[in-house]
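Report on the following structure.
The values are calculated or read from the model by the stated rules, or taken from the named source; none is laboratory data. Note that this is a predicted model, so its numbers are computed, not measured. Positions of Cβ are backbone-derived with ideal geometry, glycine not excepted, and every protein chain shown enters the neighbour counts. Just so you know, the surface numbers come from the protein's heavy atoms only, side chains and all, with ligands and any DNA or RNA stripped out. Shrake-Rupley method; radii C 1.70, N 1.55, O 1.52, S 1.80 Å.
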Amino acid sequence: ADEVVGSELVVNRFGFATGLVNGDIGFVSSKVAKLFVEDEPSLGLRRATSSFQFFSICKEQMHPPLITDENCHDHQLLRPLPVIFHDGRLVMRPTPSTALLILSWMPLGILLATIRIIIGVMLPMRIIPYVTPLFGGKIIVKGKPPSPISGSNSGVLFVCTHRTLMDPVVLSTVLMRKIPAVTYSISRLSEILSPIPTVRLTRIREVDAQKIKHELSKGDLVVCPEGTTCREPFLLRFSGLFAELTDRIVPVAMNYRVGFFHATTASGWKALDPIFFFMNPRPVYEVTFLNQLPAEATCSSGKSPHDVANYVQRILAATLGFECTNFTRKDKYRVLAGNDGTVSCASL
């Protein structure tokens, strides 16, 4: 937007917003009128109950439902574009009552998050599923998890949707064994706190392919081909690298529900992601295991890696009721943070 006009927030002498606004409706209307001294605005979009005076200077006024008239025989309802990328920690709109509730909960939430993290780091993985409900957490498992196969020269590659940094940890918790996870760009603190091994990729295709092959030769591995998290009901484009490296692919649909705080951020401090997740009163994770891809759906049957990746994306989206997109990690971070999403190795 070239110009933004609205009510100004009241800030006290300590620099904190009070939640009140300066000026009345007439104040805002006069500021809008000053922008259009020589010409009238072409269109004003408003609610039927809006009482702003500046709508009277618009050449045309529309209020919901908004109908297009490009085709006289086929009027279409204008709907807002879906929001795929957005940032911020708060799940609910911070109305006065909600803000008071969140602020009152935060001291207890920080204490609860600390206890949950310590327990997750110290206890054996096979015990955590039984302890989780005692501290308000819940994991819902659907489908049949594959059993570990001994004596094989290649492990199973679990291909997951990427909702939060907790995806591989929750998967290992469900399987009751520590499964290494491929990571693209997480902070050092997250790696230190992680109860499972992590394999940092370089985003150099040949180098990353060798790393994944090496880990698969030792056993099972978790990968999130989206490369970054997406908190809305959409799946970002899957990288086809995983399909080139193995035919033993098990898709896993991950989803989560939280009450107060989102466990993802693009412009904030990523190391706080798991802390904010555990600060929620009752965090819930849903893990849905799909069947291992048949041989005819893998690259061994002659399919291209992109076709396999797109197929896995579609079946995971259908399982969750999500929509597939062609957006990538870079698209997300360019919109939200103005960078390509790479975290420095020295970053916490």
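Rounded, prolate or oblate: pick one for region 277-333, where a ≥ b ≥ c are the square roots of the eigenvalues of its C-alpha gyration tensor, a/c under 1.5 means rounded, and failing that, prolate if a/b is larger than b/c, else oblate.
oblate
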Farthest toward the dipole's positive end in the chain, which of TYR285, THR114, SER187, given Cβ charges of +1 (Lys, Arg) and -1 (Asp, Glu) about the Cα centre?
THR114
In Å², what does the accessible area per residue of the chain work out to with a 1.4 Å probe?
56
Computed over the Cα atoms of region 131-203, the Rg and Dmax in Å are 13.7, 40
Taking the Cβ of VAL91 as the centre, find all other residues whose Cβ is under 10 Å away and add up their charges (Lys, Arg: +1; Asp, Glu: -1).
+4
Segments 138-144, 112-118 sorted - mean Cβ within 10 Å per residue, highest first:
112-118, 138-144
Over 26 Å between Cα atoms, which of LYS270/LYS303; LYS144/LYS218; LYS142/LYS332; LYS138/LYS330; LYS211/LYS270 qualify?
LYS270/LYS303; LYS142/LYS332; LYS138/LYS330
Nearest 20 debye, what's the magnitude of the dipole of region 96-337 about its Cα centre given +1 on Lys and Arg Cβ and -1 on Asp and Glu Cβ?
340
Where in the chain are the DSSP H helices whose alpha-carbon span along the long axis reaches 30 Å or more and whose Kyte-Doolittle mean is at least 0.0?
96-122
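Using only helices, what value at 222 nm comes out for the chain when you add -39,500 (n - 2.57) per DSSP H run of length 4 or more and divide by the total residues, to the nearest 500 deg cm²/dmol?
Working: 10 runs with 106 residues, N = 348.
Result for the chain: -9000 deg cm²/dmol, rounded to the nearest 500.
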Would you mind computing, in nm to one decimal, how far apart the modelled labels at VAL284 and MET106 are, each placed 7 Å from Cα along Cα→Cβ?
2.7
Quick one: longest stretch of the chain between exposed loop GluC sites (Glu not before Pro), exposed meaning at most 11 other C-beta atoms within 10 Å and loop per DSSP?
71-348
Tell me the Rg and the Dmax, in Å, that the Cα atoms of the chain produce.
24.5, 80
For ARG257, project a label point 7 Å along Cα to C-beta. Then give me every residue of region 93-108 with its amide nitrogen under 18 Å of that point.
93
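Scan the chain and report its longest stretch carrying no chymotrypsin sites (Phe, Trp or Tyr not before Pro) that are both in a DSSP loop and have at most 14 other Cβ atoms within 10 Å.
53-268
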Selected from MET176, SER97, THR228, residue furthest toward positive end of dipole (the chain; charges at beta carbon)
MET176
R0 = 56 Å: FRET efficiency of ASP24 with LYS144, Cβ-based, nearest 0.05?
0.35
Carbon + sulfur, % of accessible area of the chain - ligands and nucleic acids excluded, 1.4 Å
58
